[in-house]
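Contents: one structure, followed by commentary.
Quick note: the coordinates plus some simple rules give every number you see, no bench work behind them. Remember, predicted model here, so these are calculated numbers, not experimental data. No Cβ is skipped: glycine too gets one built from the backbone with ideal geometry, and neighbour counts run over all protein chains shown.
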Amino acid sequence: MSKYIRSQTPGATYFFTARLADSRSTLLTDEVDLLRRCVRETITRYPFAIDAIVILPAAIHTLWTLPEGDADFSTRWSFLKSRFSRALPEPPGRTATQFKRSEKGIWQRRFWEHRIRSAHDLALHRTLIHTAPVQAGLVDRPSDWSWTSLHRELATSNASENASQPVRFSTMGLKTITPADA
């Protein structure tokens, strides 16, 4: 069995991609209200901040900042995926292994994670999140997609008097990483 090495930096900001097992599925957008409820339940039980998110038909891209002293994003993802899956009916065509493990086979078993290391890294991943619906061929402009935090960011920047000024890295709450930590 493979041993996955995950970054374990307490209080850090991470980029994640979680995908459904069926890449052709539209389950996440079909059940977006359920997904939102499961995210809220996860945040209530295991607090973290969502800095940016996009929900695609079969994938989620998101930036999370964990609380100081906490690096356990795996428990959060497990809880979220489990809550979502348990609220749905049994899908047809489950394998014997899925039955044995009490899995519905809705999600891919793992998720992809990347620890954000700088303001530039954060900006790149935020752009990746916001442009994902365009890259997937779902819309022509990022603002045309309904299930994205881009709308919240645009509303916040329009309301701010200093919207044209860039956010200072020192106010982002990110941990700086020394070469020895990398």
Rounded to whole Å and sorted largest first, list the principal axis extents of the Cα atoms in the range 1-65.
34, 33, 19
Counting only other residues whose beta carbon sits under 13 Å from that of A132, what net charge do I get with K and R as +1, D and E as -1?
+2
Semi-axes of the range 13-143 from the Cα gyration tensor (sqrt of 5 times each eigenvalue, largest first, whole Å) come to 25, 19, 13
So which trypsin sites (Lys or Arg not before Pro) in the range 44-97 are both in a DSSP loop and have at most 15 other Cβ atoms within 10 Å of their Cβ?
R94
The range 1-93: GluC sites (Glu not before Pro) in DSSP coil with no more than 11 other Cβ atoms inside 10 Å:
E68
